[in-house]
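Have a look at the structure below, then the notes.
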Amino acid sequence: MANNSKIILGIDPGTIIMGYGLIAVTGQQAEIIKMDVLKLNPKKTITKGFAPSTTV
């Protein structure tokens, strides 16, 4: 029997707030695995907004 399970990643690309969700789908059944938002600092440039908080 073939495995027809899928995990789908959905992204809502906002400028300052970006939403995402992971959904598991098996046959006709769907289940939310995780959904959340990433909030960026609008006072930083794009590259600084994604930079790690610690330096090496």
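The values are calculated or read from the model by the stated rules, or taken from the named source; none is laboratory data. Predicted, not measured: the structure shown is a model, and the values here were computed from it. Note: ideal-geometry Cβ built from the backbone for every residue, glycine included; neighbour counts use all protein chains shown.
Data for the structure
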read-out: Considering residues of the range 20-56 that are of a type in the set (D, E, K, R) and within 24 Å of ILE8 (Cβ to Cβ) only, the residue modelled with the lowest pLDDT; value: LYS39
read-out: Any pair with Cβ under 9 angstrom, 6 or more apart, that starts in the range 1-23 at a residue that is within 11 Å of LYS39 (Cα to Cα) and in contact (Cβ under 8 Å) with a residue 24 or more places away in the chain and ends at one that is among the basic types (Lys, Arg) and part of a strand (DSSP E or B); value: ILE16/LYS39
read-out: Neighbours by Cβ (under 6 Å, 6+ apart or cross-chain): first from the range 24-43, acidic (Asp, Glu); second surrounded by 10 or more Cβ atoms within 10 Å (Cβ to Cβ); value: GLU31/ALA24
